[in-house]
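*Asks:* First, the structure itself, so that you have it in front of you.
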Amino acid sequence: MVKTTKEEEVELLSPASSDDFTVEGDLGKKEPPSSGTEASEEVPEDEDEEDGLENVTLLNVQRTSEVDYQKQQDVCACLKTRSCAVMLGVLILLSILGVQFRLYFLFYENMSGKARPHVSLHTACGAVVGVEEDGLFVFKGIPYGEPPVGPLRWQPTVTTRQDSNETCRNETKYADTFQASCPTIQDGNIVGDEDCLYLNVWTPDFRPERPLPVIVWILERPSLPQLLQYQLDTIDGPHHKVFFKATRRQRKVTSHSLVASNATAVHVTFSYRQNVFGFLALGILSEESAEHYSGNYGLHDQLAALRWVQDNIADFGGDPGRVTLVGEGQAASHALCLLTSPLSGGLFHAVWLSDVEHRRYRPLLNSSAENIGVLNSTGCRNASCLRQFTARQLLKAVPRGDHHFWFPREEQTCSLSRWKPAQQVIHNQLLPESPWWTLLGDDDDNATDHRNISVALGMTGGCDVKMDTEMNDTMLIKRLRTIVSEHEDEALSLYRRHDDGNTSTSANDVCVSMATDLRYACPFTDLSEYLEISTQRPVSNRYISLSDHCEEDSLWTSFFGEAPPNPRSLTLYQLLSAFARTGTFPEGLLAEDNATELSKDSVASPRMHYKDEECSFWRENLL
């Protein structure tokens with residue numbers, strides 16, 4: 001297992017500056033492997049390179065006899081051996097001194113009683129050494145699974161549990177540095193590494209009087225902790241001082257200011273396989289599986305991380321009986337799948353779903369057929385060939401237009417559609433059917449315990465829906481006609497019903513409102529109804545947060561970000577903390593749902609029939 005250094009981590013997470021990291025245009029330049037059975041990279045041979053020893057021999061033959069040359073070679077060999085021995089001894093001595101030096105600073109506590117910077121505790125898989133940051137104990141880069149490389153690529157997670165025949169890294173782990181996130185394309189650059197199954201733990205006290213609730217984050221962009229830390233670590237550096245001089249006048253703060261000041265729970269984040277590494281379903285991969293199954297490897301990673309939490313979180317001060325799963329945006333679809341999966345029983349006890357979107361979950365055969373484009377772009381015909389490709393080559397081989405749902409986007413264009421493709425694949429016990437249908441299904445052999453899990457539903461989206469072009473009424477009507485047939489006038493009147501005689505909402509604003517409802521509000525209301533039918537009780541833990549400022553695009557960044565929290569972030573964190581403790585929202589924190597409150601930085605309780613009229617129109621008329 002090769003430990004990623006901080007320099008390598010910064011290189012992986014910083015914006016790419018070379019063509020190796022640029023995606024655009026590379027697919028057209030790279031030839032697929034010529035062989036139909038194996039993919040290999042040809043290494044050009046250097047014709048000018050010759051053996052250096054042979055050159056020296058030829059020169060010496062001209063000056064000495066063969067016997068003298070042999071004596072000279074023997075002396076050189078002796079000197080080289082002694083030099084190597086001396087050098088080896090020096091290295092060993094430096095290594096011993098280095099270990100003693102590190103241990104001295106890891107565990108030294110001065111006479112003034114100041115808390116030591118590093119802390120150590122024992123888990124089922126050995127000792128873990130973390131760091132103390134602003135009153136929180138932070139453990140970064142703890143392995144929860146074996147690196148999914150080589151033969152383990154496109155295989156279910158091999159976990160690090162000790163209570164079975166599976167592997168366990170029973171050694172001291174220095175968890176003071178974030179490890180690389182899993183490979184993905186971010187802002188046009190390829191970042192991450194396949195050796196990525198690591199998690200991070202933030203805890204205010206690993207010896208509390210009473211075990212603390214645990215909040216496990218499934219992040220839409222699992223590299224967020226690493227990116228935040230990179231920004232913080234380099235903010236005062238020589239290369240970034242000029243850039244940040246004009247924008248940052250306050251002192252440097254850590255990446256968990258809100259959590260540190262309101263630390264009432266143990267927080268866990270983790271990296272998991274995504275895109276072509278986490279959700280590739282193909283016939284050639286199913287054929288080599290004992291269960292004749294492929295895809296959903298990212299879901300297997302998430303289950304493995306949750307099992308690690310159950311096995312080890314008590315050592316960090318957490319309560320394995322009070323685990324809240326949090327998913328937002330695209331990650332909310334993962335949390336929704338885990339909520340209804342028969343394999344997730346007992347792994348968490350509450351789930352927080354924010355900005356859930358409607359997704360079209362496809363059976364294994366359909367998903368495999370749609371992924372043929374990935375296979376064709378590599379030129380491979382078997383799994384062995386695919387495993388020869390590097391992570392960068394595989395990401396470049398993905399047809400982005402057909403698999404855009406594999407890669408999170410900062411902004412969404414104004415797309416008027418209801419159902420989007422899902423990454424997850426319907427097959428076997430992990431995901432027997434669409435989670436939406438599971439919520440409506442009757443009791444059967446595949447029934448899950450989701451009815452006994454507390455659910456919180458939230459809507460904070462809308463800020464990332466942008467117009468891709470300037471639109472007028474004629475263009476908007478033309479676009480509506482393609483999706484609602486002859487009901488375009490009804491749609492316009494529905495979204496302009498509050499206009500007065502002197503003003504009229506622009507076509508751009510109308511389109512953004514429609515797209516926001518289709519993407520966020522309607523799934524929010526639909527899921528509320530589905531859960532009410534499934535649990536036979538109303539879903540009371542609901543909130544909406546739609547501010548004009550749109551300062552944060554993520555719950556996690558609003559809680560852990562270095563900027564001072566706004567009132568909305570503080571309210572949301574108070575809601576989440578209370579929900580993690582009790583499974584319900586406290587009274588008095590949510591504002592009333594009206595135009596005055598929503599124009600401020602507030603979090604409101606939605607009406608019982610929030611957006612019912614708009615969403616009913618789309619259900620009845622959307623083609």
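*Asks:* Students often check this: by mean Cβ neighbours within 10 Å, which of 610-621, 293-304 ranks highest, and how do the rest follow?
*Replies:* 293-304, 610-621
*Asks:* Of S506, S493, how do they rank once you tally other Cβ atoms within 10 Å and put the fewest first?
*Replies:* Least crowded to most crowded, the residues run S493, S506.
*Asks:* Please turn the phi angles of segment 289-305 into ³J(HN,Hα) values with the Karplus equation 6.51 cos²θ - 1.76 cosθ + 1.60 (θ = phi - 60°), one per residue in order, whole Hz, x for glycine and proline.
*Replies:* Karplus values, whole Hz, x for Gly and Pro: 8, 5, 9, 6, 9, 8, x, 6, 5, x, 5, 4, 4, 5, 5, 5, 5.
*Asks:* Additional query: May I ask which of K420/K466; K466/K611; K173/K396 have a Cα-Cα span longer than 23 Å here?
*Replies:* Exceeds cut-off: K173/K396.
*Asks:* Multiply the residue gap between R210 and R451 by 0.36 nm, knock off their C-alpha separation, and tell me the result in nm, one decimal place.
*Replies:* That pair, R210 and R451, stretches by 84.0 nm at full extension.
*Asks:* Now, a different point. Quick check on packing: order 135-145, 423-433 by the mean number of other C-beta atoms within 10 Å, highest mean leading.
*Replies:* By packing density, highest mean first, the sequence is 135-145, 423-433.
*Asks:* Given R₀ = 56 Å, what would the calculated FRET efficiency be for T264 paired with H292, taking r from the Cβ atoms and rounding to 0.05?
*Replies:* After rounding to 0.05, the efficiency reads 0.75.
*Asks:* Each label point is 7 Å from the Cα along the Cα-to-Cβ direction; what then is the distance between the points at I372 and V90, in nm?
*Replies:* Output for this residue pair reads 6.3 nm.
*Asks:* Would you please give the residues with an amide H less than 5 Å from that of K420, counting only those at least 5 places away or on a separate chain, with H modeled from the backbone geometry?
*Replies:* For K420, the qualifying residues are R359, R360.
*Asks:* Measure out, as a whole number of angstrom, how far apart the alpha-carbon centroids of segment 331-366 and segment 418-437 sit.
*Replies:* Comparing the Cα centres of segment 331-366 and segment 418-437, I get a distance of 8 Å.
*Asks:* Per residue of segment 509-517, in order, report the coupling 6.51 cos²θ - 1.76 cosθ + 1.60 (Karplus, θ = phi - 60°) as ³J(HN,Hα) in whole Hz, putting x for Gly and Pro.
*Replies:* Computed from phi, the couplings for segment 509-517 are 5, 5, 5, 5, 4, 5, 5, 5, 5 Hz.
*Asks:* Oh, and also: Can you work out ³J(HN,Hα) from phi for every residue in segment 473-480, in order, using Karplus 6.51 cos²θ - 1.76 cosθ + 1.60 and θ = phi - 60°, giving whole Hz and x for Gly and Pro?
*Replies:* Result, rounded to whole Hz: 4, 4, 5, 5, 4, 5, 5, 5.
*Asks:* Mind checking the full-extension length gain between D402 and Q429? Use 0.36 nm per residue of separation minus the Cα-Cα distance, one decimal, nm.
*Replies:* Residue separation times 0.36 nm, minus the Cα-Cα distance, leaves 7.0 nm.
*Asks:* Pulled fully out, how much extra length does the chain show between Q574 and S504, if you take 0.36 nm times their separation in residues and subtract their Cα-Cα distance?
*Replies:* Gain on extension, Q574 to S504, equals 21.4 nm.
*Asks:* Defining a contact as two alpha carbons under 8 Å apart and six or more residues distant in sequence, what relative contact order in percent does segment 267-320 show?
*Replies:* So the answer I get is 29 percent.
*Asks:* Something else: Could you check the simple spin-label distance between D176 and H122, using points 7 Å along Cα→Cβ, in nm with one decimal?
*Replies:* Those two pseudo-labels are separated by 2.2 nm.
Bear in mind that the values in this text are calculations on the coordinates, not laboratory data. Predicted, not measured: the structure shown is a model, and the values here were computed from it. FYI the Cβ positions are ideal-geometry reconstructions off the backbone, even for glycines, and counts take in every protein chain you see.
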